[in-house]
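Below is one structure, written out as C-alpha cells; the observations come after it.
The values are calculated or read from the model by the stated rules, or taken from the named source; none is laboratory data. Keep in mind the model is a prediction, meaning the values are calculated, not measured. Counting neighbours? That spans all protein chains shown, and the Cβs are built from the backbone with ideal geometry, glycine included.
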Amino acid sequence: MAEQSPATGLKDIIIMRMSEHDLLEIVEIEEQSGLSRWGWAAYYAELQSANRELMLVARPTRSAIIKSTSPIAGYIVARETAGELHINNVAVRPEFRRRGIGAALLESVIQEARRRKANTAFLEVRSGNYTAQALYQKCGFRAIAQRANYYSEPREDAVVMSLVLG
C-alpha cells in the first residue's frame, strides 16, 4: 500500500502499511509524543489482526531523508469493527510536525475505512491537546462527548470526536 498522499500534496512522504520491523521506531515515536503507552507487544498483536491494513507509517522519500535520519516520520493505528472506525493512535516525530503528515495519515486510514464500508469514525484526544483537536477538526471530525479522567500519566479528560464516513 505504498502511496503518495494526493489529498495533502505531500511529495516527500510515502504512506505504507506498518510492518513488524517498524515497531521499535513506533514505540520510540509513541514515547516522544506522550501517548498512552501501548508498547511493542500491543502493536505486534494488532499487526496480527484483520485490521493490519489500518496500521500505517509515513516515510520520508530519499530527498527528505537528507534533512533527517529518521526513517519513519509518523504513524497511525486504527481498528474497524461493525462499521465503525476507531482511531487509536496518531503520532508524528517532532521534527516532522506541521507538514501535513498527520492529516495524510488520517486521510489514508479514512479512505481504507470507507473502502471497508465503515460509516463512522471515532477517536479520543486529550482535552488539553488543542493542536491535535485542531488537526482532527480540519479533517472533518467534530467533538461529541467528553470522558472524565480517561487518561492517566498525567490524568486528563478526553474529548470524543467523530466523523461521518458514509
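A single entry from N119, N89 fulfils the requirement of being polar (S, T, N, Q) and under 27 Å from H21 (Cα atoms): N89. Elements of the type helices (runs of 4 or more DSSP H) sitting completely within the stretch 12-72 and holding at least 3 residues that are surrounded by 19 or more Cβ atoms within 10 Å (Cβ to Cβ) and either of a type outside the set (A, V, I, L, M, F, W, C) or modelled with pLDDT of 85 or more (or both): these cover 23-33.
One line per residue, one yes/no per condition, for (1) crowded, with 20+ Cβ neighbours inside 10 Å; (2) touching a residue at least 60 places away in the same chain (Cβ under 8 Å); (3) assigned to a helix (DSSP H, G or I):
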{"site": "R99", "(1), (2), (3)": "no, yes, no"}
{"site": "L105", "(1), (2), (3)": "yes, yes, yes"}
{"site": "V109", "(1), (2), (3)": "yes, no, yes"}
{"site": "T131", "(1), (2), (3)": "no, no, yes"}
{"site": "A134", "(1), (2), (3)": "no, no, yes"}
{"site": "S162", "(1), (2), (3)": "no, no, no"}
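Of R142, R79, all but one fail to be under 19 Å from L35 (Cα atoms) and of a type in the set (D, E, K, R); the exception is R79.
For the stretch 116-124, state whether one or more residues are β-branched (V, I, T), over 18 Å from S33 (Cβ atoms) and either in a strand (DSSP E or B) or modelled with pLDDT under 95 (or both). The answer is yes, given that some residue of the stretch 116-124 is β-branched (V, I, T), over 18 Å from S33 (Cβ atoms) and either in a strand (DSSP E or B) or modelled with pLDDT under 95 (or both). The set of residues in the stretch 87-97 being touching a residue at least 40 places away in the same chain (Cβ under 8 Å) and out of contact with any Asp or Glu (no Cβ under 9 Å at 6 or more places or on another chain) consists of V90, V92, P94.
Filter the stretch 73-97 down to residues that are buried (at least 19 other Cβ atoms within 10 Å of the Cβ), part of a loop (DSSP other than H, G, I, E, B) and not hydrophobic (A, V, I, L, M, F, W, C), then give me how many there are. Count: 1. Only one of the numbered conditions (1) over 15 Å from the mean Cα position of the chain (by Cα); (2) crowded, with 17+ Cβ neighbours inside 10 Å; (3) of a type in the set (D, E) is violated by E153, and that is (2).
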